[in-house]
Amino acid sequence: MTDTASDRPIPVTDLHAQRRRLGDGIEGALRRVLEHGRFLAGPEIEELESRLASRAGADHAIACASGTDALMMALLALGARPGDSVLVPGFTFVATAEAVALIGATPVFLDVRANDFNMDPAAIAAGVAAAKEAGLRPVGVIAVDLFGHPADYAAIEPAAEEHGLWLVCDAAQSYGACRDGRKAGSIGAIATTSFYPSKPLGCYGDGGAVMTGDGVLAEAMLELRDHGRSAATGMHARVGLTGRIDTFQAAVLLEKLAVFDEEVEMRGRVAERYREMIGRDVGDAVAPAAHDGTVSTWAQYTVRLPADRRDAVQGRMAQAGVSTAVHYRTPLHRQPAYSGYPVAGGSLPVAEALAETVLSLPMHAYLPEGDQERVVAAMAAAMAEEAQR
Ligand SMILES: *Cc1c(COP(=O)(O)O)cnc(C)c1O
């Protein structure tokens, strides 16, 4: 049954709809963990890891405490250290750059492309130059599949290779996505993901995972997850993290994986309908386009509006009961903690423009069609009212 009363608030995401569907299954799974009592190394974790790996087409998956810990484990396993620089997009969630800075390496910010919000492969050469100019060794690239849409790996991979850089894919928003037949999680030396509750595959707390096809890196990350302790010797072979996931979260994720493929399709249908309706009714909004051959997880459905109307339109939509979000209002190279790091080419005009124009609409698998219509109608009305001012 769908409740489409015209004044009911529409949130950006709604975990309750999924919770109602999964109901008893999740409670049973949590109760089993309470009973066996293995809260940190329960059997659910290995089962989750094998399901995550096989679904993504990766040889190894290691679940961990968060998407940020996943990035740190990946960077440490790859040997990144002070004096090294890692190229990251300037338009992403802060954790992509934060992990680099936390391990003592230096993030170098690259511009993105407006059509898919992802790293511009053509900026890699400028990133390498900016790193060298700052006296740093460029060692790797972290590409992000922003909003669930895989980055342009067909162009990023050869550019990274040309400069001798390893590639990590930050698939925090894109587990379940694919591009040209390649699944997020199977691309790069290591891919990372996050199970933060509002991600397309989210748990009920913090969680994350790393995936790789390289057995040596997998072994290193297993050790890093647990204070660097070697399973073979019991000795602390490296400096590691408290990176473990708890068994409750693995139990929740196993229940959610049972409906995840269907949910990705449902999100895709919401995105298609949005695109149709926006194309027809909101002439001066740019709807996001999925590149041909791409399955996005639509972690966000992010339109671009004229910069001079974006904030006012968001305010008017809120008055009509439609919540929206701005991901991201400030590009990373303009954030106080990150403004001192090198910027490829000296400025990031596309990232800066996106920060002023993007607006993310309500998006989740269970968004009723009536709500989708209300969202677009509210945006169309707000755009028209603001155009007349
Ligand atoms: C959410 C997110 C992360 C971090 O994940 P946490 O689980 O919150 O630590 C990293 N990168 C991107 C792009 C994200 O969206």
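Every number in this text was worked out from the coordinates using simple rules, so none of it is lab data. Remember, it's a predicted structure, so these values are computed and weren't measured experimentally. Glycine gets a Cβ as well: all are built from the backbone with ideal geometry, and neighbour counts include every protein chain shown.
General observations
- Burial order of peptide ranges 84-94, 115-125 (average beta-carbon count within 10 Å, highest first): 84-94, 115-125
- Calculated P(r) tail over 21 Å for the range 275-353, as whole % of Cα pairs: 45 percent
- Environment charge at residue 273 (Cβ cut-off 15 Å; Lys +1, Arg +1, Asp -1, Glu -1): -2
- Cβ-derived FRET efficiency at R0 45 Å, residue 347 paired with residue 7, nearest 0.05: 0.50
- Each of residue 236 and residue 262 was given a label point 7 Å from its Cα along the Cα-to-Cβ line. The distance between the two points is 4.7 nm.
- Here the Karplus curve 6.51 cos²θ - 1.76 cosθ + 1.60, taken at θ = phi - 60°, turns the phi angles of the range 46-58 into couplings of 5, 5, 4, 4, 6, 5, 4, 5, 5, 5, 8, x, 10 Hz, with x standing for Gly and Pro.
- For the range 186-339, a Kirkwood radius taken over Cα pairs fed into Stokes-Einstein (10 °C, viscosity 1.306 mPa s) yields D = 82 µm²/s.
- Extent along principal axes [Cα atoms of the range 311-374; Å; largest to smallest]: 46, 26, 20
- Most simply put, the chain has about 55% antiparallel DSSP beta bridges, counting only bridges with both residues inside it.
- If you sort the three axes of the alpha carbon gyration tensor as a ≥ b ≥ c, you get a/c of 1.5 or more for the range 156-238 and a/b no higher than b/c, which makes it oblate.
- Cut-off under 5 Å, modelled amide H: who pairs with residue 172 long-range: 145, 194
- Expected 222 nm ellipticity per residue - DSSP helices of 4 or more, -39500 (n - 2.57), all of the chain, to 500: -13500 deg cm²/dmol
- Start at zero, step by 5 Å, and the Cα-Cα distances of the range 1-91 spread as 2, 9, 11, 14, 15, 14, 11, 11, 8, 3, 1, 0 percent across the bins.
- Placing dummy labels 7 Å off each Cα toward the beta-carbon, the span from residue 34 to residue 308 is 5.9 nm.
- When the Cα convex hull of the range 40-114 is projected onto planes of every orientation, the mean area is 6.4 nm².
- Taken along its principal axes, the alpha carbon cloud of the range 45-171 reaches lengths of 46, 33, 25 Å, longest axis first.
- Per-residue Karplus couplings for the range 373-382, computed as 6.51 cos²θ - 1.76 cosθ + 1.60 with θ equal to phi - 60°, are listed in order as 5, 4, 4, 5, 5, 5, 5, 4, 5, 5 Hz, Gly and Pro entered as x.
- Using the Cα coordinates of the chain, the gyration tensor eigenvalues translate into equivalent-ellipsoid semi-axes of 34, 29, 16 Å, sorted from longest to shortest.
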